[in-house]
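K.L.:
Quick one: structure below, then a few questions.
The values are calculated or read from the model by the stated rules, or taken from the named source; none is laboratory data. Everything quoted here is computed from the prediction, not taken from an experiment. Every residue, glycine as well, gets a Cβ built from its backbone with ideal geometry; the counts of neighbours run over all protein chains shown.
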Amino acid sequence: MKERKSFILRIDQATYTLLEKWASDEFRSVNGQIEYLLQQALVQSGRKKTKDTGNASGPVKKE
């Protein structure tokens with residue numbers, strides 16, 4: 001299992017509230033949602049060559 005780096009992230013309450021709702025809509029934790037969004041941004045910017053998300057949750061399909 002890969003070692004994961006822990007760090008403190010300070011964001012304003014409004015942003016956190018929006019992330020919390022978004023994460024809930026996709027059945028993720030806020031931490032999982034942030035990690036997923038960062039992985040997507042790395043792929044889209046060309047800084048990461050594959051869409052392998054590592055430990056981040058992939059997209060959730062709603063039924």
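K.L.:
Going by the structure shown, is Ile11 at pLDDT 95 or above, surrounded by 10 or more Cβ atoms within 10 Å (Cβ to Cβ), among the hydrophobic types (A, V, I, L, M, F, W, C) and not in a helix (DSSP H, G or I)? Before you say what the answer is, go through the steps one by one.
P.N.:
Values: at pLDDT 95 or above: yes; surrounded by 10 or more Cβ atoms within 10 Å (Cβ to Cβ): yes; among the hydrophobic types (A, V, I, L, M, F, W, C): yes; not in a helix (DSSP H, G or I): yes.
For Ile11, the condition - at pLDDT 95 or above, surrounded by 10 or more Cβ atoms within 10 Å (Cβ to Cβ), among the hydrophobic types (A, V, I, L, M, F, W, C) and not in a helix (DSSP H, G or I) - is met.
K.L.:
Please go through segment 1-21 and pick out each residue that is within 25 Å of Arg47 (Cα to Cα) and either under 13 Å from the mean Cα position of the chain (by Cα) or among the hydrophobic types (A, V, I, L, M, F, W, C) (or both).
P.N.:
Met1, Phe7, Ile8, Leu9, Ile11, Leu19
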